[in-house]
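Trainee: Below is one structure. I have some questions about it.
The values are calculated or read from the model by the stated rules, or taken from the named source; none is laboratory data. What you see is a predicted model, and the numbers here were worked out from it, not measured in a lab. Methodologically, a virtual Cβ is constructed for each residue, glycine included, from the backbone with ideal geometry; neighbour enumeration extends over all protein chains shown.
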Amino acid sequence: LMGASNESRGALVVFEGLDRSGKTSQCGKLLSYLEGMGHSVELWRFPDRTTSVGQMISAYLTNKSQLDDHTIHLLFSANRWEKRSMMEAKLKAGTTLIVDRYSYSGVAFSSAKGLDFEWCKAPENGLIAPDLVVYLDIPPEKAAERGGYGGERYEQLEFQKKVAQHYKLLEDSSWKMIDASQCIEDVEKQVEEIVLEHVVTCQKGKPLSSLWS
Ligand code: DGP
Ligand code: NA
Ligand code: NA
């Protein structure tokens, strides 16, 4: 990418929220919306279970393996690091990335288990900072009512309540909170409005920055 212009880069748009907050469907809707407007856009997700690190994470989440809390934390982080250079290349080439979960999940879920908050943040240091974090805000009880959880390791109401508390400690100026207990169409409209502004700002040459900025 040497010599590539910083103009007209893609935006890094991250979705965060509790399990069953609607992230995955809203990411899909946003992808179609931006594609329909003629933007170059891709949908990514973390954990990316397709890599070898991702397969270890998947085995852990489905309770097929047991790992020390610190160990799994570092694997989730490694899974983001192994995609970092591709992420930078895509953004610099003008592709907007919609990312279903990122470092905020990493910190919120692990610190909810009792790991030290700053220790949890440290391995994320230097990953690309999102231009926008869309937080789909939903009371844990309401998320739990939505068609039930899938039975993975973290999908339990009491734990999700702790995750919600730790997420709130991570909110900064890049975050937009959306009331995700609204109907799916209202959430979709709000997401579209918020994201459009950011895509345009990045196309005007806003430089990339790093976590935790
Ligand atoms: P998902 O595929 O989005 O349903 O995520 C799987 C589960 O893993 C979900 O309960 C959230 C959790 N999770 C996602 N990213 C991280 C992370 O970086 N660290 C930890 N500890 N948990 C994560
Ligand atoms: Na899940
Ligand atoms: Na999801």
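Trainee: Checking the conditions here, which among 61, 67, 18, 31 is free of Cβ contacts under 8 Å to residues at least 60 places away in the same chain and either surrounded by fewer than 17 Cβ atoms within 10 Å (Cβ to Cβ) or within 24 Å of residue 166 (Cβ to Cβ) (or both)?
Mentor: 67
Trainee: Related question: Test of understanding: among 38, 10, which residue is touching a strand residue (DSSP E or B) at 6+ places or on another chain (Cβ under 6 Å), farther than 30 Å from residue 117 by Cα and either part of a loop (DSSP other than H, G, I, E, B) or near ligand 1 (Cβ under 9 Å from one of its atoms) (or both)?
Mentor: Sole residue among the options that is touching a strand residue (DSSP E or B) at 6+ places or on another chain (Cβ under 6 Å), farther than 30 Å from residue 117 by Cα and either part of a loop (DSSP other than H, G, I, E, B) or near ligand 1 (Cβ under 9 Å from one of its atoms) (or both): 10.
Trainee: Okay, moving on. Do we have residue 133 as among the aliphatic types (A, V, I, L, M) and modelled with pLDDT of 95 or more here?
Mentor: So residue 133 passes the test.
Trainee: Is it fair to say residue 118 is more than 11 Å from ligand 1 (Cβ to nearest atom) and either surrounded by fewer than 20 Cβ atoms within 10 Å (Cβ to Cβ) or modelled with pLDDT of 95 or more (or both)?
Mentor: yes
Conditions (1) surrounded by fewer than 16 Cβ atoms within 10 Å (Cβ to Cβ); (2) in contact with a Phe, Trp or Tyr (Cβ under 7 Å, 6 or more places away or on another chain), marked per residue:
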site	(1), (2)
167	no, yes
172	yes, no
179	yes, no
192	yes, yes
210	yes, no
213	yes, no
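To keep it simple, each residue is scored yes or no on (1) in a loop (DSSP other than H, G, I, E, B); (2) in contact with a Pro (Cβ under 9 Å, 6 or more places away or on another chain); (3) within 16 Å of ligand 2 (Cβ to nearest atom).
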| residue | (1), (2), (3) |
| --- | --- |
| 72 | no, no, yes |
| 77 | no, yes, no |
| 98 | no, no, no |
| 109 | no, no, yes |
| 118 | no, no, no |
| 122 | no, no, no |
| 130 | yes, no, no |
| 141 | no, no, no |
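Trainee: Okay, next question. Quick one: what pairs do we get from region 130-157, first residue closer than 14 Å to residue 26 by Cβ, second within 14 Å of ligand 2 (Cβ to nearest atom) and of a type in the set (Lys, Arg), C-beta under 8 Å, 6+ apart or different chains?
Mentor: Correct list of pairs: 136/23; 138/20; 143/20; 146/20.
Trainee: Which residue, of 167, 104, 149, is in a loop (DSSP other than H, G, I, E, B) and within 16 Å of ligand 2 (Cβ to nearest atom)?
Mentor: 149
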